[in-house]
Number of protein chains: 6
Amino acid sequence: MIYVTRKSHFNAAHRLHNPEKPDDWNRKIYGKCNYPNWHGHNYEIEVVVAGEPDAKTGYVIDLGKLQSIIDEIIIEPCDHKNLNTDVDFLEGIIPTTENLVRTFYDRLKEPVEQSAASGSSLFLVRLYETERNFAEYCPYPRI
Amino acid sequence: MIYVTRKSHFNAAHRLHNPEKPDDWNRKIYGKCNYPNWHGHNYEIEVVVAGEPDAKTGYVIDLGKLQSIIDEIIIEPCDHKNLNTDVDFLEGIIPTTENLVRTFYDRLKEPVEQSAASGSSLFLVRLYETERNFAEYCPYPRI
Amino acid sequence: MIYVTRKSHFNAAHRLHNPEKPDDWNRKIYGKCNYPNWHGHNYEIEVVVAGEPDAKTGYVIDLGKLQSIIDEIIIEPCDHKNLNTDVDFLEGIIPTTENLVRTFYDRLKEPVEQSAASGSSLFLVRLYETERNFAEYCPYPRI
Amino acid sequence: MIYVTRKSHFNAAHRLHNPEKPDDWNRKIYGKCNYPNWHGHNYEIEVVVAGEPDAKTGYVIDLGKLQSIIDEIIIEPCDHKNLNTDVDFLEGIIPTTENLVRTFYDRLKEPVEQSAASGSSLFLVRLYETERNFAEYCPYPRI
Amino acid sequence: MIYVTRKSHFNAAHRLHNPEKPDDWNRKIYGKCNYPNWHGHNYEIEVVVAGEPDAKTGYVIDLGKLQSIIDEIIIEPCDHKNLNTDVDFLEGIIPTTENLVRTFYDRLKEPVEQSAASGSSLFLVRLYETERNFAEYCPYPRI
Amino acid sequence: MIYVTRKSHFNAAHRLHNPEKPDDWNRKIYGKCNYPNWHGHNYEIEVVVAGEPDAKTGYVIDLGKLQSIIDEIIIEPCDHKNLNTDVDFLEGIIPTTENLVRTFYDRLKEPVEQSAASGSSLFLVRLYETERNFAEYCPYPRI
């Protein structure tokens, strides 16, 4: 199996807040990430596809095509947007890096696998909130 | 002359919008940077102090002390905040990287020079909005 | 399973030397890493926690809390110290990156898992000695 | 198990072209990567060895020795060369990142495992074509 | 004066060779950079514009517009090309980083200054051949 | 004028301590940088040469030759060494980044200028102690 990765990025505002909980719970749990007027990040997203390279092209997936899918599914709806208020598919989701990366994986899975070499899988999505904080979702057991 | 640099960072939301201009002017000039519900960045700030090292310490400025000044003057008021609405000293300023870096320089100049070796100057402040977009302000003529 | 990572750093001196072996063996095996008067590194440590995000917070673990644990368990005892002589829990351990990362994992496991969402595990610790040399310890079988 | 990594680099020219296919197929599949007069990259290669540290040295593998093997097996034949025309062991292989990383793994496996601590394995090779495009080969099942 | 920078990149093949000199002179002077079948790099280009921010926009130059100019003037003609054979404006120029950066500056000067705030100047162009080798051209005296 | 830069690195131990001052002064001024048993860093050094490219080679200086000079003058005496005790030319110098970069400049100036194109100058040396702390020495007035 070969694992190919495409790294892409977008800039967005967000705020961590659970609307079902009182304000003091939110302030205690999320600290400065709960400030009411938003803050933001330069997000970096890495999308990893596992498969056998196609014999004729030598590609697991054309990374240009993979970038187009990431652009359409993730970057266009999220870039320069507010992740709490502007993105349909994030409605009702607290935008922690954990929740975002899982949601992004689910949206990318079908279109990525349809464009990759036969038998390929969307293996993992990794999302950097900052250079020092990141999360990844991988549905294949590692523990 | 030795030039010493301390690099620091903060995360903030902002939006580019000139309130004295109509909405269509703002949309045309700023494009997606004008989206109404904010977006954000992981800002990186580099503060450069020029001077002769103190003979006893070998320091132009103690970089721990410089970090404390940057923390107090820039990071605490801006980190996890909205640069358009939450920061007193940015009131009335369109938060382009150009305007931010100039404002940060002006605020840092006096406290930095008071903590540096005698005869030192705040030479330059550089602000990265993203890894690929940055601005610097230096009052000393280079052209 | 979501895997969240916090990256942190410290600066330390060390020397590779097996005191049970003669000096010429040490010089031959470790080369310049055996120089008697120490050398040092800017170490970067990545701590990876695997779990399901808590339904109320959306966190596998609060990365601020994770940073506090790393600070107390690793950074405070090791930062600006000599790894051969100053750190109690490294006594008797040759400070190769391999040995350090394993020791750090063992010390971090219990406090990290107590602070993470129920059912979480300390999945992996990665330690960079330089940008080009690093080691990771993961107790879950990958081979 | 500890996993140790050594990162190294080389600069090379290449072109994606399947000589068994007509020119218009190649242009359609590979786009600008098919331009006839070559283009090139600063490749970065990471070689990951898994094993138990040797009790006497604390090393899974001496990273200096690992670098020597990478130099001999990969860097010397590929650096400042044309991957389509100058490298014997790449003859007949379309130099996609996928195909390169698999070929590099196969060449490195035996000499790396002979130089590592007893029972060690070449776990994975990762190859960056650019900072945003990379591939890895790992023969151990992860899916 | 504010200095704003936009960083961009392209991948290209090249070879260092002075056709007016014999082959052995070229091999001696350029070493492996003279290998006949080309090698290549991931070039990174930084374009620095100096000026006073426009009072209405807060921009020295719209970095999106600056990117469009860099795309048209540098990236489109050079990306995935051979710098010795495919680029009209590099004809007769030995593609050292020094010569490339000077040529890029000269081509960018007029279109960049026409798109920037009144009174702005193209201050400097910096070109990275690798992360460890780079050159910059600045016509304003610094020595 | 073209400015060419070569970046290189070394790993070393050091401690900040002024032997002419009492221990409590040293502890107060240098804090954890004064810990008695040393700490260390991955230093990165950038050497910048200014000049006109030679008409025949297109080089201000052959960066391979520049690397050899840096290796001989800086890397070999300092790499994997203790900067307080092991390096002749640092005797009596408190190894702050400021003092180190000035001393490195002075040692590099003559051999670099003798190997560069006629009329070239060693313009600047930049030394990174960490990714966030660095100093540069440039003898040409900028203030």
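Between identical copies, the spacing of A:Glu91 label points, each set 7 Å from Cα toward the C-beta atom, reads 3.8, 6.0, 6.2, 6.2, 7.7 nm from nearest to farthest.
Measuring from each Cβ of chain E to the axis carrying E onto A, the nearest residue and its distance in whole Å come out as E:His9, 7. Chains B and F together bury roughly 2000 Å² of accessible area, counting both sides, with a 1.4 Å probe on protein heavy atoms only.
Cross-link reach is defined here as a Cα-Cα straight distance under 16 Å, omitting same-chain residues fewer than 8 places apart; for B:Lys65 the aspartates and glutamates meeting it are B:Glu46, B:Asp54, B:Glu76, B:Glu110, B:Glu113, F:Glu98.
Each Lys or Arg adds one and each Asp or Glu subtracts one; over the other residues with Cβ under 12 Å from the Cβ of D:Lys81, this totals -2. Interface burial in region A:13-50 reaches 40 Å² or more for A:Ile29, A:Lys32, A:Tyr35, A:Asn37, A:Trp38, A:His39, A:Gly40, A:Asn42, comparing the full protein assembly with the chain by itself; accessible area from heavy atoms with a 1.4 Å probe. Which of rounded, prolate or oblate describes the protein assembly as shown when judged by the alpha-carbon gyration tensor and an a/c cut-off of 1.5? Rounded, since a/c falls under 1.5. Indicate the gyration tensor shape class of region B:84-143 (rounded, prolate or oblate), computed on the Cα atoms with a ≥ b ≥ c the square roots of the eigenvalues: a/c under 1.5 is rounded; otherwise a/b larger than b/c is prolate and the rest oblate. Oblate is the answer for region B:84-143, as a/c is 1.5 or above yet b/c matches or exceeds a/b.
Dipole check for the protein assembly as shown: with +1 at the C-beta of Lys and Arg, -1 at the C-beta of Asp and Glu, and the Cα centre as origin, the magnitude is about 0 Debye. Taking label points 7 Å from Cα along the Cα-to-Cβ direction, B:Phe89 and A:Arg107 give a separation of 3.8 nm. What is the Cα centroid distance between region A:43-120 and region B:3-69, reported in whole angstrom? Here the answer is 31 Å between Cα centres. Neighbouring Cβ atoms from other chains, within 10 Å of the Cβ of residues in F:60-67, number 3 on average.
With the whole protein complex present, E:Trp25 retains an accessible surface near 60 Å², based on a 1.4 Å probe. Only DSSP H runs of four or more residues enter the estimate; each adds -39500 (n - 2.57), and after division by the residues of chain A the mean residue ellipticity at 222 nm equals -7500 deg cm²/dmol.
Shape of chain E from the C-alpha gyration tensor: prolate (a/c of 1.5 or more and a/b above b/c, with a ≥ b ≥ c the square roots of its eigenvalues).
Here C:Ile29 sits with roughly 50 square angstrom of accessible surface, probe radius 1.4 Å. Legend: residue pairs E:Lys7/E:Lys32; B:Lys56/F:Lys7; E:Lys28/F:Lys56; B:Lys28/E:Lys7, Cα-Cα distance threshold 19 Å; pairs beyond threshold, E:Lys7/E:Lys32; B:Lys56/F:Lys7; B:Lys28/E:Lys7.
With the whole protein complex present, F:Met1 retains an accessible surface near 70 Å², based on a 1.4 Å probe.
Label-to-label distances for B:Glu52 across copies, nearest first, come out at 3.5, 3.5, 6.3, 6.8, 7.3 nm, using points 7 Å from Cα in the beta-carbon direction. Rolling a 1.4 angstrom probe over the protein heavy atoms with all chains in place gives the protein assembly as shown an accessible area of 40 Å² per residue. Among the protein heavy atoms of region B:94-143, carbon and sulfur supply 42% of the accessible surface, probe 1.4 Å, non-protein parts ignored.
A simple charge model with +1 on the Cβ of Lys and Arg, -1 on the Cβ of Asp and Glu and nothing else charged puts the dipole of chain F at about 440 debye relative to its Cα centre. Surface listing: F:His17, E:His39 arranged by accessible area from highest to lowest gives F:His17, E:His39, probe 1.4 Å. Across region D:30-143, the relative contact order, built from alpha-carbon pairs under 8 Å that are at least six residues apart, equals 36 percent.
Inter-copy label distances at D:Lys65, using a point 7 Å along Cα-to-Cβ, come to 3.9, 4.4, 4.5, 5.1, 6.2 nm with the shortest given first.
The values are calculated or read from the model by the stated rules, or taken from the named source; none is laboratory data. Not measured: the values here are computed from a predicted model. We place every Cβ from the backbone using ideal geometry, glycine too, and count neighbours over all the protein chains shown. When the accessible area is computed, the model is the full protein with side chains, heavy atoms only, and any ligands, DNA or RNA have been set aside. Shrake-Rupley method; radii C 1.70, N 1.55, O 1.52, S 1.80 Å.
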